[in-house]
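Accompanying notes for the structure given below.
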Amino acid sequence: MEIQETHNRIRDRLAYLSATVKGASAMGQTDIHRLSETVICPVLKIILDLPDLRNLNSDERDFPGIDLGDPTAGVGIQVTVRANASKIRKTIRTCIRHDVYRTYPRLRVFVLTDKQSAYRLDPEADLEGKLVVDPQVA
């Protein structure tokens, strides 16, 4: 029963974070977006089994394209409140333009609010053969 209680607490706190981010965004307050990267990093480290995952924005100011990264696994994660294909395309273009894909060739997107049921990306045009985007948005 202890495991179930832990799962429930995690779920409830993530739901609270999502609701708080939505409310703050509606009021034009964006500080919580950056704070969310720090909060969600240790959770994703465990859930996605990425032991070397770290917040890239805490080490380097505004890392291009992604917010979290595990260089050992080659996984970069964009933490966002905007859950639309244009945001994902912009992230991909930034990762390609700044050669982020060389260290982080696998891209995941963690949506803090409500995500779409599907995202349409053209692997040839959008990814330029340089990135692998996990089709299941985190």
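The values are calculated or read from the model by the stated rules, or taken from the named source; none is laboratory data. The shown structure was predicted, so the numbers you read here are calculated from the model rather than taken from an experiment. Just the protein is used for accessible areas: all its heavy atoms, side chains included, with ligands, DNA and RNA removed. Shrake-Rupley method; radii C 1.70, N 1.55, O 1.52, S 1.80 Å.
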F63 long-range amide H proximity, modeled H, under 5 Å: N57
Probe 1.4 Å, protein heavy atoms only - accessible area per residue of segment 21-90 in square angstrom: 51
Length released on extending from T72 to D12, taking residue separation times 0.36 nm less the Cα-Cα span: 18.5 nm
Kirkwood estimate for segment 1-95, i.e. one over the average of 1/r between Cα atoms, Å: 14.5
Derived scalar couplings ³J(HN,Hα) [segment 17-22; Karplus, 6.51 cos²θ - 1.76 cosθ + 1.60; whole Hz; x for Gly, Pro]: 4, 4, 5, 5, 5, 4
Extension reserve of the A85-K130 stretch, reckoned as 0.36 nm per residue once the Cα distance is removed: 14.4 nm
3J(HN,Hα) from dihedral phi, segment 94-103, Karplus parametrisation 6.51/-1.76/1.60, rounded to Hz, x for glycine, proline: 5, 4, 6, 4, 9, 6, 4, 4, 5, 8
